[in-house]
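Colleague: This is the structure, below, for whatever I ask next.
Please treat every number below as a calculation from the coordinates, not as lab data. Here the structure is a predicted model, which is why all the values come from computation and not from measurement. Positions of Cβ are backbone-derived with ideal geometry, glycine not excepted, and every protein chain shown enters the neighbour counts.
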Amino acid sequence: MKFELIELREDRIRFLLSGVSAAFANAIRRTCMSEVPILAIDEISLYDNTSVLFDEQIALRLGEVPLVAEELDFLSQPEDCQCDGTGCPGCRVDFMISKEGPGMVYSEDIQFTDPGVRPAFERIPLVVLGEGEKLVMEGYATKRVGKEHSKWNAGTLCGYKNLPSIMIGEACDGCGLCVEVCPRNILVIEEGRAKATNILECSLCKLCIGVCEAAAIDLKPVRDSFVVSIESSGSIPARDLVAKAADEIKIRALDLNAKLTELS
């Protein structure tokens with residue numbers, strides 16, 4: 001397997017994987033979305049809500065606020081905690097909101113008992129409070145994985161595609177029709193012939209092949225190479241998300257190997 005980094009930001013990573021199968025690339029994608037544990041608000045107790053939103057709507061908005069935990073690895077998932085999931089500082093983080101209108105309640109108004117836990121984005125609007133309206137609540141956040149609920153999705157826009165291979169044959173007469181129809185601006189005319197520039201952005205739509213009267217374009221996917229794009233919800237950096245996903249796949253593969261060894 002060969003790894004080549006294409007782009008790296010705090011919330012997004014793109015890389016090229018070569019020498020792997022589509023199943024392996026898809027395993028990275030699925031694990032980033034559903035198997036990497038993060039922190040999210042789990043349960044709330046509403047004491048006063050005179051806003052225009054129902055309690056359930058506020059609960060839904062709170063659950064989808066991505067949270068950052070500086071010591072996430074030190075928190076246990078409830079089912080793995082020594083308290084057997086009854087709730088303790090080792091598996092949950094308490095919070096409260098107390099706000100009176102007029103004004104907007106933002107994610108920054110969620111006050112956690114652990115100073116190392118905070119919303120990933122401070123200005124996520126939750127509800128508008130009018131004059132005299134109140135919102136008072138408390139609750140807790142837990143560490144779980146995305147397959148249990150979307151609010152624990154560590155990865156959001158995660159996908160992959162085959163690396164395109166574009167060959168321009170000698171029959172190309174430089175008519176420029178392929179350049180005009182390409183939606184990604186991949187093709188240009190240089191020295192009287194078509195030339196592919198940014199191949200990674202090609203979507204393999206094959207519109208260029210359809211308009212090429214000289215049949216000079218050969219476009220096909222490289223079967224064992226994939227461009228993988230992973231975006232984080234903001235709870236953890238995209239680089240750490242992919243690393244944790246790879247570790248999770250490794251753990252499961254070793255566990256499967258051990259069980260198959262026992263059977264043999």
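Colleague: Hey, what's the Cα Rg ratio for region 47-88 versus the globular rule of thumb, 2.2 N^0.38 Å?
Modeller: Scaled against compact globular proteins, the figure is 1.64.
Colleague: Relative contact order (percent) for region 79-139, with alpha-carbon contacts under 8 angstrom and 6 or more residues of separation?
Modeller: That works out to 38 percent.
Colleague: Okay, moving on. So how tilted is helix 22-34 from the main axis of the chain? Cα-based, degrees 0 to 90, rounded to 10.
Modeller: Value to nearest ten degrees: 20.
Colleague: Which of the lysines could a cross-linker bridge to Lys244, judged by Cα under 28 Å and excluding same-chain residues fewer than eight apart?
Modeller: Lys2, Lys143, Lys147, Lys151, Lys161, Lys259
Colleague: How high is the FRET efficiency between Ala23 and Lys259 when r is their beta carbon distance and R₀ equals 22 Å, given to the nearest 0.05?
Modeller: 0.65
Colleague: Per the chain: cysteines with no other Cys C-beta under 4.7 angstrom?
Modeller: Flagged as lacking a Cys partner: Cys32, Cys158, Cys172, Cys175, Cys182, Cys202, Cys205, Cys212.
Colleague: As a test of the formula, what do you get for the chain when each DSSP H run with n ≥ 4 contributes -39,500 (n - 2.57) and the sum is divided by the residue count, at 222 nm and rounded to the nearest 500 deg cm²/dmol?
Modeller: -7000 deg cm²/dmol
Colleague: Restricting attention to region 1-94, which chymotrypsin sites (Phe, Trp or Tyr not before Pro) occupy a DSSP loop and are surrounded by at most 13 other Cβ atoms within 10 Å?
Modeller: When the chymotrypsin sites (Phe, Trp or Tyr not before Pro) of region 1-94 are filtered for loop state and at most 13 Cβ neighbours within 10 Å, Phe54 remain.
Colleague: Binning at 5 angstrom from zero up to the longest distance, how are the C-alpha pair distances of region 129-205 distributed in percent?
Modeller: The calculated distribution, bin by bin, is 3, 11, 14, 11, 8, 6, 7, 7, 5, 7, 7, 5, 4, 3, 1, 0.
Colleague: When only alpha-carbon atoms count, how far does the chain stretch along each of its three principal axes, as whole angstroms with the largest first?
Modeller: Taking max minus min along each principal axis of the Cα atoms, the chain gives 75, 63, 26 Å.
Colleague: So for the pair Leu157, Glu191, with labels modelled 7 Å out along Cα→Cβ, what separation do we get in nm?
Modeller: For the pair Leu157/Glu191, the computed spacing is 3.7 nm.
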